[in-house]
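Only the coordinates and a few stated rules stand behind these numbers; no lab work does. Everything numeric here is computed off the predicted structure, so don't read it as measured data. Ideal geometry is used to build each Cβ from the backbone, glycine not excepted, and the neighbour counts take in all protein chains shown.
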Amino acid sequence: MLPSRLERILTGLHEHDQKASADAILSLKVTSARTGAFSTEVCCLELEMLVRENRFDLAAVTAERLVSEVTVLCNFAPDVMLEARRALIDE
């Protein structure tokens with residue numbers, strides 16, 4: 001799910017499509033806030049502002065940071081879930 005959301009954001013930014021970018025960024029921002037991925041949420045907030053201001057040049061730079069954030073989330077999510085399950089079982 002995260003990789004597809006990221007792809008939608010990157011495509012929208014690459015095409016300078018304000019509406020598509022904003023929709024994709026909002027989707028990831030809300031999910032990030034809901035799940036506690038606060039640094040990803042902050043990155044999305046920055047992207048949202050830049051897209052709204054039609055600053056696709058700077059948005060591309062911020063998107064690089066978002067790619068790193070999403071990569072970390074994808075790499076560590078299974079470990080986090082496993083630890084959460086273990087903690088629930090041990091209680």
Q. Hey, T62 hits all of (1) of a type outside the set (D, E, K, R); (2) outside any helix (DSSP H, G or I); (3) in contact with a Leu (Cβ under 6 Å, 6 or more places away or on another chain) but one; which does it fall short on?
A. (2)
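Before we move on, is V67 within 18 Å of E7 (Cα to Cα) and in contact (Cβ under 8 Å) with a residue 60 or more places away in the chain? Working first, answer last.
Details: within 18 Å of E7 (Cα to Cα): yes; in contact (Cβ under 8 Å) with a residue 60 or more places away in the chain: yes.
Yes, satisfied.
Quickly run through region 54-72 and pick out the residues that are within 11 Å of L13 (Cα to Cα) and either more than 11 Å from the chain's Cα centre (by Cα) or of a type outside the set (A, V, I, L, M) (or both).
Step one: of region 54-72, the residues within 11 Å of L13 (Cα to Cα) are 54-63.
Once the filter is applied, which keeps residues that are within 11 Å of L13 (Cα to Cα) and either more than 11 Å from the chain's Cα centre (by Cα) or of a type outside the set (A, V, I, L, M) (or both), region 54-72 yields N54, R55, F56, D57, L58, A59, A60, V61, T62.
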